[in-house]
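In what follows, a single structure is set out as structure tokens and then discussed.
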Amino acid sequence: MSGSQDTRPGAGPARGAPAYEAIAQNPTFRTLVHERTRFGWILTAAMLVVYFGFIGLIAFDKSLLATKVGGTASLGLFLGVGVIVFAFILTGIYVARANTRFDALTADLNRSLGR
């Protein structure tokens, strides 16, 4: 296949290297990466605290979780559903942040790169 050129994105050792360096060195890109990473770790930590807190209750205080609340349902059932709802809430918080702050930073980055 001499004469044919590989046109796949990222094909070849030097393809896109100057553009990559320009993006990687851009202060807006660095801000975007830093904020998104930090926010992701904060939400991850919050979810881990809630999840392992619930698991800890299961392991160490079963009598509390067995407490009847509202008829035949137990407190453990409501807390378990609460963990799931909390995960959905965190997802919504991330999506809201991504659609506002992170999208604004991405638009600024595209403008600064002339795209």
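The values are calculated or read from the model by the stated rules, or taken from the named source; none is laboratory data. Everything numeric here is computed off the predicted structure, so don't read it as measured data. All Cβ positions, glycine included, derive from the backbone under ideal geometry; neighbour counts span all protein chains shown. Note: areas computed on protein heavy atoms with side chains; ligands, DNA, RNA excluded. Shrake-Rupley method; radii C 1.70, N 1.55, O 1.52, S 1.80 Å.
Taking the residues in the stretch 63-112 that are outside any helix (DSSP H, G or I) and among the small types (G, A, S) as candidates, determine which candidate is surrounded by the most Cβ atoms within 10 Å (Cβ to Cβ).
S74
Show the residue pairs that are 6+ apart or on different chains and have beta-carbon atoms under 8 Å apart, the first residue being within the stretch 22-36 and closer than 10 Å to N110 by Cβ, the second being small (G, A, S) and open to solvent by 50 Å² or more (accessible area, probe 1.4 Å).
Note: pairs meeting the criteria are T28/S112.
Being assigned to a helix (DSSP H, G or I), surrounded by 11 or more Cβ atoms within 10 Å (Cβ to Cβ) and of a type in the set (A, V, I, L, M) is the requirement here; does L48 meet it?
No.
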